[in-house]
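Below is one structure, written out as structure tokens; the observations come after it.
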Amino acid sequence: MVKGLLDRSITTKINWILDNILPPILRDCRPLMHFIISFAYGKKTKLIMDFKDRYPFISEAELNTIYHSIQDVPINQRRPSDLNPKSLDYVLRSVVGDTVLDAACGRGYLAEQIVKLGKSVIGLDVIVSEKMEKGVNYVCGDITNLPFENSCFDTVVCTHALEHIEDGNKALSELLRVAKKRVIVVMPCQREYRFTPDLHVRFLPYMYNFKKFIGIEEAQYDMHGNDFCCVIDRA
């Protein structure tokens, strides 16, 4: 199940070292971070390096174009999911019911794993490739305005997505709205620096930051492989 996620296991450790071991004066050093990030993004490195400076003035259409432009970089081609093996197993164990929405499903890896559990799965993302299939019904849509009725999925899953969303609270409220039984949220444990090897706009370095963002005391909070994980039961 998790063999193909070996690259993610390695990058999780690298990101932890960058966040917690490298001094901030080096962590925010443009030449050093350009060198490190270039191993993952190659010719797209400048786009990643300039992202935070540009973000306050980027339109939604331009942001979607940026996300689309990095789909073909080597690290994204080799790594099917941002989930590490431990958090992947946690999500799969936590799914309940027969109908599942994978909101902001990315390349569709998780949605396809959930299908193998015998579930009926819809995968929603702002970018949906024609090559994405394998038993999943893919829908193009916005996580902050889900095109579904209230309580129409037994389980709603959202992994490694809300850290990309400026209005994360609106997105979370939409996940809760369309869930009948359970919502599962996974976000990375990550410190905020000027240069990070991703397009994140929300950073949660501690569990209490994650709990504050979710805002539901009775939810179940866990950490697996440097991922914050949360299960919210609706009934």
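The values are calculated or read from the model by the stated rules, or taken from the named source; none is laboratory data. Just so it is clear, the model here is predicted, and its values are computed rather than measured. Positions of Cβ are generated from backbone atoms using ideal geometry, with glycine treated the same way; all protein chains shown enter the neighbour counts.
Among (1) closer than 18 Å to Arg234 by Cβ; (2) under 15 Å from the mean Cα position of the chain (by Cα), there is one condition Cys105 misses while meeting the rest; what is its number?
(1) is the only condition that Cys105 fails.
Among the listed residues Asp7, Asp72, identify the single one that is under 17 Å from the mean Cα position of the chain (by Cα) and modelled with pLDDT under 90.
Asp7
State yes or no: is Val201 among the aliphatic types (A, V, I, L, M), modelled with pLDDT of 95 or more and either under 29 Å from Thr65 (Cβ atoms) or surrounded by 14 or more Cβ atoms within 10 Å (Cβ to Cβ) (or both)?
no
Rundown of residues vs (1) among the aromatic types (Phe, Trp, Tyr); (2) modelled with pLDDT of 85 or more; (3) farther than 25 Å from Gly225 by Cα; (4) part of a helix (DSSP H, G or I), yes/no style:
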site	(1), (2), (3), (4)
Ser81	no, no, no, no
Ser87	no, yes, no, yes
Gly97	no, yes, yes, no
Leu110	no, yes, no, yes
Lys131	no, no, yes, no
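Just one of Leu124, Leu146, Leu117 is outside any strand (DSSP E or B) and crowded, with 19+ Cβ neighbours inside 10 Å; which is it?
Going through Leu124, Leu146, Leu117 in turn, the sole match is Leu146.
Name the residue, out of Tyr221, Tyr193, that is of a type outside the set (A, V, I, L, M, F, W, C) and either closer than 30 Å to Ala61 by Cβ or at pLDDT below 95 (or both).
Tyr193
Name the residues in the range 18-45 that are assigned to a helix (DSSP H, G or I), touching a residue at least 12 places away in the same chain (Cβ under 8 Å) and of a type outside the set (A, V, I, L, M), would you?
Asp19, Asn20, Pro24, Arg27, Arg30, His34, Tyr41, Gly42, Lys44
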